[in-house]
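Enquirer: Sharing a structure here in structure tokens format.
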Amino acid sequence: MYLGALEFDILLGDVHSLKEKRKVIKPVLAELQRFGVSTTEGGEHDRHRRSLLGVAMVSNGMDHLTEVLDRCERTVAARPEIELLAVRRRIFGPED
């Protein structure tokens, strides 16, 4: 069994309040959940132009896990309303 996680450090575009931030973040998280992953906004809650998004998934195969995490990363990177500053990926396998 493998556990994979992504942490996205993102900068939001023309956002001037926390309410506007939620309007941008919520659809991103919903779109990622379509891939069968768990999602959360895991940081920068009080800053309206920054966010840390987390994605996690458990899979019995490394190939499937990598494929899904890659799709999640491409999906976030393709969103025009956000700038992806960094992505951190962690994978834990049977030996860890």
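Just so you know, all these numbers are worked out from the coordinates, no wet-lab data involved. All values reported here derive from a predicted model rather than from experimental measurement. FYI the Cβ positions are ideal-geometry reconstructions off the backbone, even for glycines, and counts take in every protein chain you see.
Enquirer: Between the alpha-carbon centers of region 70-92 and region 8-43, tell me the distance in whole angstrom.
Expert: Here the answer is 11 Å between Cα centres.
Enquirer: Taking 30 Å as R0, compute the FRET efficiency from the Cβ-Cβ separation of Val58 and Lys19 and round it to 0.05.
Expert: 0.35
Enquirer: Modelling each spin label as a point 7 Å along the Cα-to-Cβ direction, I'd like the Glu95/Thr75 distance in nm, to one decimal.
Expert: About 3.0 nm separates the two model spin labels.
Enquirer: Please arrange Ser59, Ser38 by counting, for each residue, the other beta carbons lying within 10 Å of its beta carbon, fewest first. Mind showing how you got there, number by number?
Expert: On the way: Ser59 18, Ser38 13.
Result, fewest neighbours first: Ser38, Ser59.
Enquirer: At what distance in nm do the modelled label points of Met1 and Ala86 sit from each other, each positioned 7 Å from its Cα along Cα→Cβ?
Expert: 3.0 nm
Enquirer: Give the relative contact order (percent, whole number) for region 2-92; include only Cα pairs under 8 Å separated by 6+ residues.
Expert: On the way: 152 pairs, mean separation 45.4, N = 91.
About 50 percent, as a whole number.
Enquirer: Hey, another quick one. If each residue's Cβ is checked for other Cβ atoms within 10 Å, how do His64, His48, His16 rank with the fewest at the top?
Expert: With the sparsest Cβ surroundings first, the list reads His16, His64, His48.
Enquirer: Calculate one ³J(HN,Hα) per residue across region 12-25 by plugging θ = phi - 60° into the Karplus curve 6.51 cos²θ - 1.76 cosθ + 1.60, and present them in order as whole Hz with x for glycine and proline.
Expert: Result, ordered by residue: 8, x, 7, 10, 10, 8, 5, 5, 5, 4, 4, 5, 8, 6 Hz.
Enquirer: Mind giving me the nanometre distance, one decimal, between the label points for Asp9 and His45, set 7 Å out from Cα along Cα→Cβ?
Expert: With each label point 7 Å from Cα toward Cβ, the separation is 2.1 nm.
Enquirer: Now a separate question. Taking the Cα atoms of the chain, report the difference between the largest and smallest coordinate on each principal axis, in whole Å and largest first.
Expert: That works out to 45, 21, 18 Å along the principal axes.
Enquirer: Further question on the same structure: Mind putting a number on the dipole of the chain about its Cα centre? Charges go on the C-beta only, +1 for Lys and Arg and -1 for Asp and Glu, and I need it in Debye to the nearest 20.
Expert: In total the dipole reaches around 420 debye.
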